[in-house]
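Below you'll find the structure, written out as structure tokens, and then a few comments.
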Amino acid sequence: MENLTKKDFTSDQEIRWCPGCGDYAILNSMQKALPNLGRKKEEFVFISGIGCSSRFPYYMNTYGFHSIHGRAPAFATGIKLANPNLSVWQITGDGDALAIGGNHFIHALRRNIDINILLFNNEIYGLTKGQFSPTSQKGIKTKSNPHGTTDTPFSPSDLAIGSQSSFFARVVDTNPRLMQSIFVEAEQHRGTSLIEILQNCVIFNDKTFDAITGKDFKKDAQLILEDGKPMIFGSEMNKGITLNGLKLEVVTIGENGVKEEDVLVHDAKEEDPTLHSMLARMQPPEFPAALGIIRSVKRKTFDSGVLSQIEHEKENSKFKTIDEIINSGDTWEV
Amino acid sequence: MKKNTEPIDLEKVVIKFAGDSGDGMQFSGNQFTNTSALLGNDLSTFPDYPAEIRAPQGTIAGVSGFQIHIGSIHINTPGDIADVLVAMNPAALKSNRKSIKKGGIIIVNIDSFTKKDLEKAGYDNSPLSDNSLDEFQVIEAPISKLTRESLKDSKLSSKSISQSKNMFALGIVYWMFNRPMTPTENFINKKFSEKSEIAKGNIKVLHTGYNFANTIEAFSSSYTVKSAKLEKGRYRNVMGNQAIAWGFIAASEKSGKELFLGSYPITPASDILHELAKYKNLGVKTFQAEDEIAGICSAIGASFAGNLGITTTSGPGFSLKGEALGLAIMTELPLVVVDVQRGGPSTGLPTKTEQSDLMQALYGRNGESPAVVIACSTPSNCFDWSFMASKITLEYNTPVILLSDGYLGNGSEPWKIKTIKDMPDITPLIAKEGENYQPYLRDKKTLARKLAIPGTKGLEHRLGGLEKEDISGNVSYDSENHEKMCNIRSEKIKKISEIIPIQEVYGKTNADLLVIGWGGTYGSLYSSVDNLINEGKSIALTQFNYIHPLPKNTLELLNRYKKIVVCELNSGQFANYLRMNFQGIIFEQYNKLQGLPFTTLELESHFKTLLD
Ligand code: SF4
């Protein structure tokens, strides 16, 4: 295996995102993560729809397809079924995946086709210059809704879990290390791996995620989940998450008799998604935002199901060619 | 006058089985078709189903029919009107009343002519007792009662018993036309191999019907239809949708490309999906997508990754695929879109036929987005055209739209079996490892670009819907480049006319009237023109399969005729397309928009007025 580096994955195209856009960090992290996967460069395919994030494939020196708005999961599905050996990555945004492409998005997750979806969630439409998106916070004033939106936003995690998602992770664009490690884990997970990236749009929705990513308080506003590890966070690493009845609670270890053992231990492999869903819904200021791999369960993939049926039929059918099919059944000689 | 009289030999006959949608008429019709095909008749069939799955029982809306035209001569259409009608209830009689030949035979299931059934069909009085059917020979058969009687000792449920009355009707018609019952018996035994009680019951009722016809004195005679003089070879019966599916598999084998179908169920195209879904043993991948758009997009994805990607649909679904088709045109990837046309606009007439998507196929996309458009013209040549569509798309790396219609898709006819060896080679245009790959560098002759398949070392590149720079394929907003690329995309399609055969004419090169048709109207146009030629009329026919590009001799051909009439099942889309391409030539039109095929009678009478 040749030794690949970040440079191998960098294309010669000029990058056209706004200076300061969170997309740069994501691109960088991806180019750094791919060489760690032990795969050949020509096996990677990046598919996107339409939007700022969807320019991503042009900047990757891999096979790529910048398709049409919202439909990337369908292209990715066709590509993966045509050649299951490929490592297929879908790059999408909150408008592309959750508005125009909502249908394809949920069906990809439901089928569990073995692709990786990077959902760049900036809670706004960037490319079309600033309209609200399906994840924009309620009441936000934009050009297309100057009096404030009356829409209730989607929660991508709930949508994913409701669609039987087998892998859901969340990262922030300000943490390249975490991004890299999660990209690697997502690729190694068999099935649809969904990574929600909280991505800052400096132009149309700047600082939306500041409550989570703000330098001074991020340690208290982020819970980085690790499978099998207690849910401890905070600038002094003394805060934890416990379950009180049917609700999560933030506790301080050492106060009110709370011990480290009382804190929940993260189990990403738990089939029951209830706790994963609750964790994903946590929001500052009351809670830290959950980052890392929230859910990763084993489930048969769509592509392997399709292929094993084909293999089985090929082995067991007496017909091997179309000529044999056409000549079977009722035929007669003239 | 019964069983012992010599049967009367007929050159051709049209039989229609009609009943409530639950009456199993499609089954009877299909069985009669298969048996007649095995006897060597030429034939053509057409089923017509109700649009609603559960239209109220006994109503006109719930009538399901199957028409079959058999002959010892060449048969091109399912026939205008029936010589024999089997009517399982009053609604079936009423809805077919106008399409029975004077003096024809009507076999009715008398048991379903109760007051209630008559009311449901909208009859005030029974047509059987008011002399309104005097011009026909009506045979009243107690089909329900005798079916029940013959199965009274069986263990079958009363529902199963009632469901086997279609076998009684089939038995009658088998006797009338001196057909053997063994092919149907074999079929039933195989189909119900695990439910021998049902198999036995069905076969018993079949014989009961046969014997009933043999015994009663109602039939003045029985008939035979001798085998037709078809070209030597091995034959089978084939339906249009089935033939399309097989043509794709043949192209996949011939080209060495795996076949991928992305599709969403829609009438009347779903049978192509059903047919292809059977052949996992041949490596065919079928993906029932979440919607029409995902169907085409997954097919484009599969083509990008090296498969022969295809998608199948009908009118409304075709509308939804427009944007993605534009992407395939921009990215110059192989893709075949099959549109089995039905009546429109909107949901329109899902189970009826029409040719009204032609303009959509040619122009129904944003921007200048030329695609190849091909039309099938008989149920069996659907095989050749899906094969050719695949060949063109793989060799030119450009999308092809294949137009069929409900009439072709569901219709059937005997087909002289082709083998893969008979089909032309297909050479996909693919770049190899080590090449200095430029995604939009073109073959000088065809202007086709080469594909580089993901997984091929060193040929990494990006495609997309943004305008491409010539040769490099990089995104380009340059105005001159855009114009150049638009011209190249259009020129590339035009160049395909170099490889397509010249347009042929049936009839004299200088006839007084040239009839032009395209696609699925071939059978009726051919029959009517052939009849008129035999009557000594100066008339000729040319039927187009290649719509875009047109065959290169089209202008020269049109110039030979003084009078031209374009016949189509829409309001003049092909006529207008010809006018646009060949200004100065006068095209008369003959159009029909009833969801039904042309009848030979109406065509002949129209052509006669044009010739006068
Ligand atoms: S508009 Fe926003 S999301 Fe788009 S490139 Fe600029 S900063 Fe990034």
Using a 10 angstrom cutoff on alpha carbons, build the Gaussian network for chain A and name the most mobile of A:Ser155, A:Ser166, A:Ser308.
A:Ser308
Under 17 Å from a point 7 Å along the Cα-to-Cβ line of B:Ile586: which residues of segment B:495-526 have their amide N that close?
B:511-516
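For segment B:160-287, what is Rg from Cα atoms divided by 2.2 N^0.38 Å, rounded to two decimals?
Normalised by 2.2 N^0.38 Å, the Cα Rg of segment B:160-287 equals 1.45.
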What is the magnitude of the charge dipole of segment B:476-612 about its Cα centre, with +1 placed on the Cβ of each Lys and Arg, -1 on the Cβ of each Asp and Glu, and no other charges, expressed in debye to the nearest 20?
160
What residue among B:Pro180, B:Asn397, B:Val529 has its Cα farthest toward the positive end of the dipole of chain B, where the charges are +1 on Lys, Arg and -1 on Asp, Glu, each on the Cβ?
B:Pro180
Hey, which of these cross-link pairs are over 30 Å Cα-Cα: B:Lys101/B:Lys152; A:Lys41/B:Lys278; A:Lys129/A:Lys269; A:Lys7/B:Lys450?
B:Lys101/B:Lys152; A:Lys41/B:Lys278; A:Lys129/A:Lys269
At a probe radius of 1.4 Å, what is the per-residue accessible area of B:Thr208, in Å² to the nearest 10?
40
Per-residue SASA entry for A:Phe287, accessible area with 1.4 Å probe, Å² rounded to 10:
40
Please name whichever of A:Gly329, B:Pro454, A:Thr150 sits farthest to the positive end of the charge dipole of the protein assembly as shown, dipole taken about the Cα centre and charges placed at Cβ: Lys and Arg +1, Asp and Glu -1.
A:Gly329
So if I place +1 on the C-beta of Lys and Arg and -1 on the C-beta of Asp and Glu, and nothing else carries charge, what would the dipole magnitude of chain B be about its Cα centre? I want it in debye, nearest 20.
1220
Estimate the FRET efficiency between B:Ser490 and B:Asn178 by the formula 1/(1 + (r/R0)^6), using the beta-carbon distance for r and 56 Å for R0, to the nearest 0.05.
0.45
Ignoring the sites themselves, what is the longest stretch of chain A with no GluC sites (Glu not before Pro) in a DSSP loop and at most 15 other beta-carbon atoms within 10 Å?
A:15-225
Calculated from DSSP H runs of 4 or more alone, at -39500 (n - 2.57) each and per residue, what is the 222 nm mean residue ellipticity of chain B, nearest 500?
-10500 deg cm²/dmol
Diffusion coefficient in µm²/s returned for segment A:215-293 by Stokes-Einstein, Kirkwood Rh over C-alpha pairs, 20 °C and 1.002 mPa s, is 170
Report the chymotrypsin sites (Phe, Trp or Tyr not before Pro) located in segment B:568-612 that are in a DSSP loop and have at most 16 other Cβ atoms inside 10 Å of their Cβ, or state none.
B:Phe582
Looking at chain A only, what percent of DSSP beta bridges run antiparallel? Nearest 5 please.
35
Averaged across the residues of A:315-326, what count of C-beta atoms belonging to other chains lies within 10 Å of each residue's C-beta?
6
For B:Thr59, B:Thr353, write out the residues from largest to smallest accessible area, computed with a 1.4 angstrom probe and no ligands counted.
B:Thr59, B:Thr353
What percent antiparallel are the DSSP beta bridges of the protein assembly as shown, to the nearest 5?
35
For segment B:165-201 the GluC sites (Glu not before Pro) that pass both the DSSP coil test and the at-most-15 other-Cβ-within-10 Å test are B:Glu194
Taking amide H atoms as placed 1.01 Å from N in the peptide plane, list the residues 5 or more away in sequence, or in a different chain, whose amide H sits under 5 Å from that of B:Asn553.
B:Gln503
Need the full-extension length gain, B:Asp9 to B:Lys145, defined as separation in residues times 0.36 nm minus the C-alpha distance. One decimal, nm.
45.8 nm
Just the Cα atoms of chain A, one point each, no solvent: what log10 I(q)/I(0) does Debye give at q = 0.09, 0.11, 0.14 Å⁻¹?
-0.52, -0.73, -1.12
Report the label-to-label distance for A:Lys300 and B:Asp134 in nanometres (one decimal), using points 7 Å from each Cα along the Cα→Cβ vector.
6.9
Note, ³J(HN,Hα) from phi for segment B:272-284, Karplus 6.51, -1.76, 1.60, rounded to Hz, x at Gly and Pro:
5, 4, 4, 5, 5, 5, 6, 9, 4, 4, 9, x, 6
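Just the number, please: percent antiparallel of the DSSP beta bridges in chain B, rounded to the nearest 5.
Values: 29 of 82 bridges.
Among the beta bridges of chain B, antiparallel pairing accounts for roughly 35 percent.
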Just reorder B:Tyr546, B:Tyr477 by solvent-accessible area, largest first, 1.4 Å probe, all chains present.
B:Tyr477, B:Tyr546
Report the label-to-label distance for A:Val265 and B:Lys552 in nanometres (one decimal), using points 7 Å from each Cα along the Cα→Cβ vector.
7.8
Just flag the GluC sites (Glu not before Pro) in segment B:520-612 sitting in loop per DSSP whose Cβ has no more than 14 other Cβ atoms within 10 Å.
B:Glu535
Probe 1.4 Å - accessible area at B:His482, Å² to nearest ten
90
Modelling each spin label as a point 7 Å along the Cα-to-Cβ direction, I'd like the A:Arg281/A:Trp332 distance in nm, to one decimal.
6.9
As I understand it, the dipole of segment B:215-311 uses +1 on the Cβ of Lys and Arg and -1 on the Cβ of Asp and Glu, about the Cα centre. Which of B:Gln242, B:Gly262, B:Gln288 lies farthest toward its positive end?
B:Gln242
Given a Förster distance of 56 Å, the FRET efficiency implied by the Cβ-Cβ spacing of A:Tyr24 and A:Glu311, rounded to the nearest 0.05, works out to 0.80
Going from most exposed to least, what order do A:Asp220, B:Asp612, A:Asp94, B:Asp134 have by accessible area with a 1.4 Å probe?
B:Asp612, B:Asp134, A:Asp220, A:Asp94
Using a Cα-Cα cut-off of under 28 Å, which lysines could be cross-linked to B:Lys562, ignoring same-chain neighbours fewer than 8 residues away?
B:Lys494, B:Lys508, B:Lys537, B:Lys552, B:Lys592, B:Lys608
For a bin width of 20 Å, list the pair-distance distribution of chain B built from all Cα-Cα distances, rounded to whole %.
19, 48, 27, 6, 0
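The values are calculated or read from the model by the stated rules, or taken from the named source; none is laboratory data. Since the model is a prediction, treat every value here as computed from it, not as a measurement. Using ideal geometry, Cβ is built from the backbone for each residue, glycine included, and neighbour counts are taken over all protein chains shown. Please note that ligands, DNA and RNA were not included when accessible areas were found on the heavy atoms of the full protein model with its side chains. Shrake-Rupley method; radii C 1.70, N 1.55, O 1.52, S 1.80 Å.
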